[in-house]
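Undergrad: Below you will find the structure I want to go over with you.
What follows draws every value from the coordinates through simple rules; no lab data is involved. Since the structure is predicted, the reported quantities are computational estimates derived from the model, not experimental observations. All Cβ positions, even for glycine, are placed from backbone atoms using ideal geometry, and neighbour counts span all protein chains on display.
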């Protein structure tokens, strides 16, 4: 069966005045309509990987891949017109701190409806109703009030829900969620994860969930890719995370605080330069 997304040897480099930064190194994976988590520390290349998959790396960044196929289409050969048809309509991405991606001078509802009308030839009335339905789908209690509100009038958690609604309204095949629950308290995080899980499952979509939280991803995704210094150092089934063998993954797991633990001090992760070279 043909995978939804097939990536082989993805490289992303950024040229600077002093050196060339190798942000992503030979990332390879394939996925169907499943939930994949990409986990690693800040600077490990998670976000750059997600942006590269959506053609959002701009100069001085350079992207190269031996293979980059989405639903049978070679994204390496995609021109700007083809990318416009893919972004949003086929692949959507929720950025970090998504509330701040909203236009502050447009009401929430107009922005969601606009995202729908860009990809579907529908009337203003139909787009408005679709936007209200999406606000209800992300479990906002008073969709009409939020539809008419401006971004500054909504909370952080509600802003995240609004952006999820905006990204899912065109019915994409793949959603890339880049730390959509960051800066939220644990209760709101769990609520948002439940919403994403339900919508992705109901719509039969694929999901790439980018995070630095191993436990969060393990409880939510089907498979996990562990990234270090731009490279995938380990891949495993989420339910088998406790059996991970790479020393970096083991180090991340050991550094997690445990409520029932009796350690007075968390261990320090000892890095090996050989991990960069695989």
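Undergrad: How much of the DSSP bridge set in the chain is antiparallel, in percent, rounded to the nearest 5? Don't skip to the end; give the middle numbers.
TA: On the way: 24 of 43 bridges.
Here the share of antiparallel DSSP bridges comes out near 55 percent.
Undergrad: Could I ask something else about it? Normalised by the residues of the chain, what does the relative contact order come to in percent, with Cα pairs under 8 Å and at least six apart?
TA: Result for the chain is 24 percent.
Undergrad: Go ahead and estimate [θ] at 222 nm for the chain from helices alone: -39,500 (n - 2.57) per DSSP H run with n ≥ 4, summed, over the residue count, rounded to 500.
TA: Theoretical 222 nm ellipticity from helices: -9500 deg cm²/dmol.
Undergrad: In the set (1) 161; (2) 119; (3) 130, which value of volume of the Cα convex hull per residue in Å³ was calculated from the structure you see?
TA: Read-out taken from this structure: (1).
Undergrad: Could you sort the peptides 123-129, 221-227 by per-residue average Cβ neighbour count (10 Å cutoff), highest mean leading?
TA: 221-227, 123-129
Undergrad: What is the distance in Å between the Cα centres of the stretch 210-256 and the stretch 15-57?
TA: 16
Undergrad: Please compute the contact order of the stretch 100-244 in relative form: average sequence separation of alpha-carbon pairs under 8 Å and at least six residues apart, divided by the residue count, as a percent.
TA: 18
Undergrad: Take residue 80, project a point 7 Å from its Cα along the Cβ direction, then tell me which residues of the stretch 1-27 have their backbone nitrogen under 16 Å from it.
TA: So the set is empty, nothing qualifies.
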